[in-house]
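One structure is given below, encoded as structure tokens.
The values are calculated or read from the model by the stated rules, or taken from the named source; none is laboratory data. Just so we're clear, the structure is a prediction, and the values are computed from it rather than from any experiment. So basically every Cβ, Gly included, is an ideal-geometry build from the backbone, and we count neighbours across all protein chains shown. All accessible areas refer to the heavy atoms of the entire protein, side chains included, with ligands and DNA or RNA removed. Shrake-Rupley method; radii C 1.70, N 1.55, O 1.52, S 1.80 Å.
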Amino acid sequence: MSTPVIAQEGKGIISAGSKGPAATPVVLAVPKEQASGEQRVATVPEVVQKLTKSGHEVRIEHDAGTGAYYPDDLFTAAGAKIASSQADLLNGARIVLRVQPPTVADVDQLAEGTVVIGFMNPTHNLEAVARMRDRKVTAFALELVPRITRAQSMDALSSQATAAGYSAALLGAENCPKFLPMLTTAAGTIRPATVLILGAGVAGLMAIATAKRLGAIVEAYDVRRAAGEQVRSLGAKFLELEINAESQGGYARELTPGEKVKEQQMVSAAVARADVVITTAAIPGRKAPLLITRETVATMRPGAVIVDLAAESGGNCELTQAGKTVREHGVTILGPQNLPARVPFHASQMYAKNLQSFLALLIDKDGALVREFTDEILAASLLVHAGTVLHTPTRDLLSGGKL
Ligand code: NAD
């Protein structure tokens, strides 16, 4: 990451963090998300109320919150204005709050100096990043917010992974032909189902907690040994392997070829006895590790279910197809995309609070945009500013692709 950059003086004035009315109200705009299947919205009435009470103008595109069950009238009651067209929404807007990355067409509607905040998926969204650079739009990417304690309240990766883990456990239960809990009934005793979670990060831990609440026997595995304590504290069994692949920033590193063999042997045995397997293993910036081979799937019980949360980054199971349901050897393999959008009400609420905390960093107590993005969190998440791409991996990809 390059050195932080000076913000444009006198422009972006917001006061999400200040108590009184802002000196110069800022216009914040929230578009309706256009990505297929996206139900979330970047703000909710509770957050809008705080911004408008501080004297700022919040514009919501008509129907932006409908998919998440926040109808226009709730936003109006919170002090927002409803914009009936993109032009009305964006004309004079200083800050745009989004969930999904903007497309090139979205960027083309933004005036120079507009600040966009949201997930940017920068290395997979190069054309839009290049367009933001060329149009001198300022973009903050929430996936680049560092995982430090002070940034926890703005950690949208974690809030949305929580929603994804919860949804994954429900999806597994829904597709499993068995009850998850033990039942003692007049029609006999039902043994509890076994749920295996591979990857015990934020999503995995939420999937464990949800499967436990549904009454399943839960086992989990992660290459980071530190995850063991968290798994056990949720009442699940942690599968130990003589590997600790914790690396920089608490993330996992890629395993050596020898370690991969050991891992696959242990994982295969656990997969074969599970009724539901939820996989969440990921290594930032890399293809998802392959944990379940085609051969391992063939050893599973008929009716078993795999929910592969890594589907969009290549899949943890060899047979996964992103966005599809595959059936092989009587096993159902789900490759869901955008799981947080399945719980849009609370996923949006958590996301909106993350943005509220982020906005409080971007402005000072008088409601003025900070003049320098020197704060560690702002500097790390600043993707594009004043015609420059500041995230080195993205900049390298752009110059490699001559964009
Ligand atoms: P992630 O989405 O990058 O990966 C999910 C999980 O997959 C991780 O736990 C990772 O260890 C695991 N994994 C990777 N390769 C694997 C393999 N071959 N086999 C099994 N598991 C494998 O992770 P995440 O959920 O974003 O969290 C990553 C870390 O960051 C965790 O330690 C988490 O507790 C930590 N974290 C810290 C904060 C903070 O504010 N301090 C916030 C969020 C997360």
Inset, instruction - Looking for whichever is open to solvent by 30 Å² or more (accessible area, probe 1.4 Å) and under 25 Å from Pro344 (Cα atoms) here; the options are Glu61, Glu127, Glu143. Which one fits? - result: Glu143
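Identify, from the list Gly315, Gly303, the residue that is open to solvent by less than 60 Å² (accessible area, probe 1.4 Å), free of Cβ contacts under 8 Å to residues at least 40 places away in the same chain and away from the ligand (no atom under 11 Å from the Cβ). Let's see the steps before the verdict.
Working: Gly303 fails: free of Cβ contacts under 8 Å to residues at least 40 places away in the same chain.
Answer to the check: Gly315.
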Inset, instruction - Of all residues in the range 359-399, count the ones that are assigned to a helix (DSSP H, G or I), within 17 Å of His124 (Cα to Cα) and touching a residue at least 40 places away in the same chain (Cβ under 8 Å). - result: 6
Inset, instruction - Specify the residue that is farthest from the ligand (Cβ to nearest atom); the eligible residues are those in the range 284-300 that are out of contact with any Ser or Thr (no Cβ under 9 Å at 6 or more places or on another chain) and assigned to a loop (DSSP other than H, G, I, E, B). - result: Met300
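Among the residues of the range 180-189, which ones are open to solvent by 60 Å² or more (accessible area, probe 1.4 Å) and in contact (Cβ under 8 Å) with a residue 24 or more places away in the chain? If you could, list the steps in order and put the result at the bottom.
Pass one, the range 180-189, residues open to solvent by 60 Å² or more (accessible area, probe 1.4 Å): 182, 184-187, 189.
Within the range 180-189, Met182 is the sole residue that qualifies.
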Inset, instruction - Within the range 190-219, track down each residue that is farther than 22 Å from Leu291 by Cβ, open to solvent by 50 Å² or more (accessible area, probe 1.4 Å) and in contact with a strand residue (DSSP E or B) (Cβ under 7 Å, 6 or more places away or on another chain). - result: Ile190
Legend entry - Boolean, Ile333 is in contact with a Cys (Cβ under 8 Å, 6 or more places away or on another chain), at pLDDT 90 or above and in a strand (DSSP E or B): yes
Inset, instruction - Filter the range 326-349 down to residues that are open to solvent by 20 Å² or more (accessible area, probe 1.4 Å), under 18 Å from Thr280 (Cβ atoms) and either without any contact (Cβ under 8 Å) to a residue 60 or more places away in the chain or under 12 Å from the mean Cα position of the chain (by Cα) (or both), then give me how many there are. - result: 2
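Can you tell me which residue is farthest from Ser268 (Cα to Cα) among those in the range 236-245 that are of a type in the set (D, E, K, R) and at pLDDT 80 or above?
Initial filter on the range 236-245 (of a type in the set (D, E, K, R)): 237, 240, 242.
If we keep only those that are at pLDDT 80 or above too, we end up with 237, 240.
Details: Lys237: 16, Glu240: 14 Å.
By that ranking, first place goes to Lys237.
Matching residues to (1) within 21 Å of the chain's Cα centre (by Cα); (2) over 14 Å from Gly204 (Cβ atoms):
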{"position": "Arg224", "(1), (2)": "yes, no"}
{"position": "Arg232", "(1), (2)": "no, no"}
{"position": "Val261", "(1), (2)": "no, yes"}
{"position": "Gln264", "(1), (2)": "no, yes"}
{"position": "Asp275", "(1), (2)": "no, yes"}
{"position": "Thr279", "(1), (2)": "yes, no"}
{"position": "Gly285", "(1), (2)": "yes, yes"}
Legend entry - Cβ pairs under 9 Å, 6+ apart, first in the range 64-83 and on the phi > 0 side of the Ramachandran plot, second open to solvent by less than 60 Å² (accessible area, probe 1.4 Å) and not acidic (Asp, Glu): Tyr69/Pro344; Tyr69/Ser348; Gly79/Pro45; Gly79/Val48; Gly79/Leu51; Gly79/Thr52; Gly79/Val58
Legend entry - Breaking point among (1) modelled with pLDDT of 95 or more; (2) in contact with a helix residue (DSSP H, G or I) (Cβ under 9 Å, 6 or more places away or on another chain), for Arg147: (1)
Legend entry - Lone unmet requirement of (1) of a type outside the set (Ser, Thr, Tyr); (2) modelled with pLDDT of 95 or more; (3) open to solvent by 70 Å² or more (accessible area, probe 1.4 Å) for Gln248: (2)
